[in-house]
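To keep things clear, I will list the structure first and then write my remarks on it.
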Amino acid sequence: MDAIRIRGGRPLRGTIQISGAKNAALPILCATLLSDGASRIRNIPQLRDIVTTAQLLRVLGRQVSIDMPEITVAEGGDVKPEAPYDLVKQMRASVLVLGPLVARYGRARVSLPGGCAIGTRPIDQHLKGLEAMGCSIRLEQGYVIAEGPNGGGRLRGAEICFDIQTVTGTENLMMAAALAKGRTTLINCAREPEIEELGRVLNKMGASIDGAGTDVIHIQGPERGELAPFDHAIIPDRIEAGTYMVAAAAVEGSEVRISGGELADLETLVVKLRATGVEVEALDRDVVVRRTRPLKPVDITTATHPGFPTDMQAQFMVLMSTAGGKSVITETIFENRFMHVPELQRMGASIAIRGNTAVLQGVQTLFGASVMATDLRASASLVIAGLVATGETEVRRVYHIDRGYEAIEQKLAIVGADITRIKGAEA
Ligand code: EPZ
């Protein structure tokens, strides 16, 4: 397994180019299942999760040609609407093939995603919505078996109210409804920008989606029940952009231009960064972050969009670990998203956990250590901690990082970080 070695304390100066959004690319790749033509997707990030999704589409019978940063997905020979456990267990977002498969082929057999490091990750809302559209759902040997009405017929439009705002739940049902007969209304939807992006693609395919990115979405399926292939360039990755903004804020003396990050999708993070005393300036379509003074402590509570993103919680915690005073970080979305805490404590951070709340007392500095990555965003926070720390930090099991950050060591080295990847390091 690879590791990443960082010698900290060097200010970051220069420009970082943001890649396409992982959490937009994943549902959009799955949306290709809704059409028989060849769809072309551009500005795709080079990530493990993208490779996993391409593998899954091939297993489902699609022809996938990869010429990064482009991927073309066309119909293959025989379609086998079955998503196997060995792929789904690598990436729970594989559940996003369920809605398109049952809408397009009238049936699907998709492994339950199982839990992951940050939580149990149930999909009850996905299944409840599909049942409302006429699907029969049964669970068998760890698999979801879904069948359209009357033994595999076309889904029917329905009125569906989510009990909890779920990003992939909203996306799965949008894709299913895009081919259903009649009109679907989804209420209490998640409002992430990646959902709005999926709505744009489904409209390109000929569906009629209104309200994607808000909490009520109306979807009208096409009369003939067919959708066209599409050509689309993915929006930039706001969480990647936010991660590098926090990295610049965390290292004294840094001034970094984040190229391609949409400020509009990161308003809450920007407000919180500015509250710490960090300068954040919009420059054309880019963002400049300057760390010119000691950090003031700021409290955050994660929430669904447009609240503070849970995917930025671990990174912001590193920032607060060297702020001048006490800060309180509350995680409300996932039940186990503090696994970076023990590793940060080993680097000298002063953090006390009380349930879903972390109370930090800022320290002068962190100290380099050998630390273990556990999940995607926790790994990124350990890299930031290494950039801040005095001495050398080795982040092990960086395959977690490779799931969501394209060329992280190259992008940070360009702005002056002393960072290298160690191939085949001990696990
Ligand atoms: C998406 O995951 C993102 N992944 C996650 O990003 C992100 O952390 C999360 O949304 C929250 O913003 C992708 O978009 C591929 P949810 P998702 O369904 O859709 C509960 C990353 O780092 N819930 O919005 O799986 C669930 O347990 C990843 O890029 C149900 O109870 O998250 C959680 O507590 C990590 N029943 C809450 O809702 C359901 O049927 C929000 O989960 C579905 C979800």
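On the given criteria, is Arg58 open to solvent by 60 Å² or more (accessible area, probe 1.4 Å), away from the ligand (no atom under 12 Å from the Cβ), assigned to a helix (DSSP H, G or I) and touching a Gly at 6+ places or on another chain (Cβ under 8 Å)?
Against the criterion (open to solvent by 60 Å² or more (accessible area, probe 1.4 Å), away from the ligand (no atom under 12 Å from the Cβ), assigned to a helix (DSSP H, G or I) and touching a Gly at 6+ places or on another chain (Cβ under 8 Å)), Arg58 qualifies.
Within the set of pairs 6+ apart or on separate chains, which have a first residue in the stretch 189-200 that is within 11 Å of the ligand (Cβ to nearest atom), a second that is among the aromatic types (Phe, Trp, Tyr), and C-beta atoms under 7 Å apart?
Hits for this filter: Cys189/Phe162.
Suppose the filter is assigned to a strand (DSSP E or B) and in contact (Cβ under 8 Å) with a residue 60 or more places away in the chain; does Val383 pass it?
no
If we scan the stretch 300-308, do we find a residue that is closer than 24 Å to Glu252 by Cα and surrounded by 15 or more Cβ atoms within 10 Å (Cβ to Cβ)?
yes
For the stretch 34-54, give me each residue that is within 19 Å of the chain's Cα centre (by Cα) and either open to solvent by 20 Å² or more (accessible area, probe 1.4 Å) or not hydroxyl-bearing (Ser, Thr, Tyr) (or both).
Within the stretch 34-54, the first condition is being within 19 Å of the chain's Cα centre (by Cα), and the residues that meet it are 41-54.
Once the filter is applied, which keeps residues that are within 19 Å of the chain's Cα centre (by Cα) and either open to solvent by 20 Å² or more (accessible area, probe 1.4 Å) or not hydroxyl-bearing (Ser, Thr, Tyr) (or both), the stretch 34-54 yields Ile41, Arg42, Asn43, Ile44, Pro45, Gln46, Leu47, Arg48, Asp49, Ile50, Val51, Ala54.
Consider the stretch 95-118. How many of its residues are at negative phi, modelled with pLDDT of 90 or more and either surrounded by fewer than 24 Cβ atoms within 10 Å (Cβ to Cβ) or assigned to a helix (DSSP H, G or I) (or both)? Break it down into steps so the answer makes sense when it comes.
Initially, the stretch 95-118 is screened for residues at negative phi, giving 95-105, 107-113, 115-118.
Next cut, modelled with pLDDT of 90 or more only: 95-105, 107-111.
Still in the list and also either surrounded by fewer than 24 Cβ atoms within 10 Å (Cβ to Cβ) or assigned to a helix (DSSP H, G or I) (or both): 95-105, 107, 109, 111.
Qualifying residue count for the region: 14.
Tell me, which residue of the stretch 119-144 that is open to solvent by less than 80 Å² (accessible area, probe 1.4 Å) and over 26 Å from the mean Cα position of the chain (by Cα) is farthest from Ala103 (Cα to Cα)?
Glu140
Considering only the stretch 175-188, state which residues are within 14 Å of the ligand (Cβ to nearest atom) and surrounded by fewer than 18 Cβ atoms within 10 Å (Cβ to Cβ).
Asn188
Under 6 Å between Cβ atoms, which residue pairs at least 6 apart in sequence (or on different chains) link something in the stretch 279-306 that is under 24 Å from Ser321 (Cα atoms) with a partner that is among the hydrophobic types (A, V, I, L, M, F, W, C) and open to solvent by 60 Å² or more (accessible area, probe 1.4 Å)?
From the stretch 279-306, the pairs are Thr302/Ile333.
Open to solvent by 10 Å² or more (accessible area, probe 1.4 Å) and within 13 Å of the ligand (Cβ to nearest atom): is that true of Arg92 in this structure? If you could, list the steps in order and put the result at the bottom.
Working: open to solvent by 10 Å² or more (accessible area, probe 1.4 Å): yes; within 13 Å of the ligand (Cβ to nearest atom): yes.
Yes: the conditions hold for Arg92.
Exactly one condition in (1) outside any loop (DSSP other than H, G, I, E, B); (2) within 16 Å of the ligand (Cβ to nearest atom) is false for Ile71; which is it?
(2) is the only condition that Ile71 fails.
Are any residues in the stretch 203-236 within 16 Å of the ligand (Cβ to nearest atom) and open to solvent by less than 10 Å² (accessible area, probe 1.4 Å), and if so, which ones?
Correct list: Ile217, Ile234.
Can you find a residue that is out of contact with any Phe, Trp or Tyr (no Cβ under 9 Å at 6 or more places or on another chain), within 16 Å of the ligand (Cβ to nearest atom) and at pLDDT 95 or above anywhere in the stretch 145-160?
yes
The values are calculated or read from the model by the stated rules, or taken from the named source; none is laboratory data. Everything numeric in this text was worked out from a predicted model, so none of it was measured. Methodologically, a virtual Cβ is constructed for each residue, glycine included, from the backbone with ideal geometry; neighbour enumeration extends over all protein chains shown. Side chains are part of the model used for accessible areas, which takes the heavy atoms of the whole protein and leaves out ligands, DNA and RNA. Shrake-Rupley method; radii C 1.70, N 1.55, O 1.52, S 1.80 Å.
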